[in-house]
1. Against the condition in the same structural domain as S32 (by TED's automatic domain parsing), assigned to a helix (DSSP H, G or I) and surrounded by fewer than 21 Cβ atoms within 10 Å (Cβ to Cβ), how does N250 come out, does it pass?
2. Scan the helices (runs of 4 or more DSSP H) fully inside the range 253-320 and keep the ones with 1 or more residues being modelled with pLDDT of 90 or more, in contact with a Ser or Thr (Cβ under 9 Å, 6 or more places away or on another chain) and of a type in the set (A, V, I, L, M).
3. Quick check, is I28 assigned to a helix (DSSP H, G or I), among the β-branched types (V, I, T) and more than 24 Å from Y108 (Cα to Cα)?
4. Filter the range 213-232 down to the residues that are surrounded by fewer than 21 Cβ atoms within 10 Å (Cβ to Cβ) and hydrophobic (A, V, I, L, M, F, W, C), then identify the one that is modelled with the lowest pLDDT.
5. Looking only at the range 186-209, how many residues end up being surrounded by fewer than 23 Cβ atoms within 10 Å (Cβ to Cβ) and either free of Cβ contacts under 8 Å to residues at least 24 places away in the same chain or in the same structural domain as K272 (by TED's automatic domain parsing) (or both)?
6. For the range 136-183, which positions are among the β-branched types (V, I, T) and closer than 17 Å to L73 by Cβ?
7. Given (1) touching a helix residue (DSSP H, G or I) at 6+ places or on another chain (Cβ under 9 Å); (2) under 20 Å from Y178 (Cβ atoms); (3) of a type outside the set (K, R), identify the lone condition not met by G22.
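The values are calculated or read from the model by the stated rules, or taken from the named source; none is laboratory data. Predicted model only: the values in this text are computed from it and were never measured. Reconstructed Cβ throughout: ideal geometry from the backbone, glycine too, with neighbour counts over all protein chains shown.
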Amino acid sequence: MPKKTPQISVVMGVKDDEEFVGQSIESILSQSNVDFEFIIVNDGSSDNTSRIVAQYQYADDRIRIVEQSHKGLTCALIQGCKRANGKYIARQDAGGDISLPGRLHAQYLMLERNEDAVMVGSGTRFVGPEGEYLYDSVVSQEQLNRGLESLDSKTVKGPPSHCSAMMRRSAYDEVGGYRQVFYVAQDLDLWLRLYEIGRTIADETIRYESRIRPKDISSLYRNNQMETTKMILEAARRRRMGGDDLEVLNWVGGQKYGKSDSGRFKPFYENKKEAKGLYYIGACINSRDSHRARHYFRRALKKYPLHLRSWVRYLSTFLR
């Protein structure tokens, strides 16, 4: 008897995350009241991630593993979504990110009850590297509509986090899915194209927990993300004027946005970027726990002693 088609395909890319990948996997496997498959794309991990993921697959046949040499998150998502069989595609990140109980069922019902909707994005709780509460992010329906309508890099806005989203598979296919040229900000590019063909739902309930780490892409490649966002918005502007975005895609494809700095100064630049990430985490918790914040400011200064903001915040923690 053929296996039943799942209602949802959960897609997750993973790379060298032996410490936290189990938490992320278990948060999906514990979801209830919904049929799903869990597609995990191993992006060339060199630590024990492959072994850990394989153990989970052995114990639960809802997991399907896709192996690829290291090509980055966007390529991993393309491969995972290509193999998705579900009516809907839900994103999940490794790295200790957690889908909170009931997330998949709630989002599934929202899309089932709103046949004109192509995507739902839920509220997200952001935590630090060691699980420290940082902040909650919730977007209202009005904010989401305005944010996805905007073609201004200062006001464009999608769901609170990439992985809080669930998409209708048919809509994903209609717009062409993730696009390989966008090594970073691939979520924004997809969201804008989905918005152009249907309605997006803002779920104001916190259903996802995202762990922020100093070495995350969003920390290390902030400037590249900003430049790529401008190109994504230019592509959207051309589409909305009735043209196509092929010229923009060709131009972006020839750039190095999102790639690591090369040469002998690479360690210096990466330390500087990581210091900014550590500073950001410290700043988020400074008003609630100055002692804990001091820990992150101190780490930032060890990575990059010339980070002036970290010095100011670090010294200020001794004055309370």
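1. Working: in the same structural domain as S32 (by TED's automatic domain parsing): no; assigned to a helix (DSSP H, G or I): yes; surrounded by fewer than 21 Cβ atoms within 10 Å (Cβ to Cβ): yes.
Here the answer is no, as N250 does not meet what is asked.
2. On the way: elements: 266-285, 290-303, 308-316.
By residue number, 266-285, 290-303.
3. Criteria not met by I28.
4. I217
5. Here the count works out to 0.
6. Applying the first criterion (among the β-branched types (V, I, T)) to the range 136-183 yields 138-139, 155-156, 175, 181.
Once the filter is applied, which keeps residues that are among the β-branched types (V, I, T) and closer than 17 Å to L73 by Cβ, the range 136-183 yields only V181.
7. Here G22 meets the rest and fails (2).
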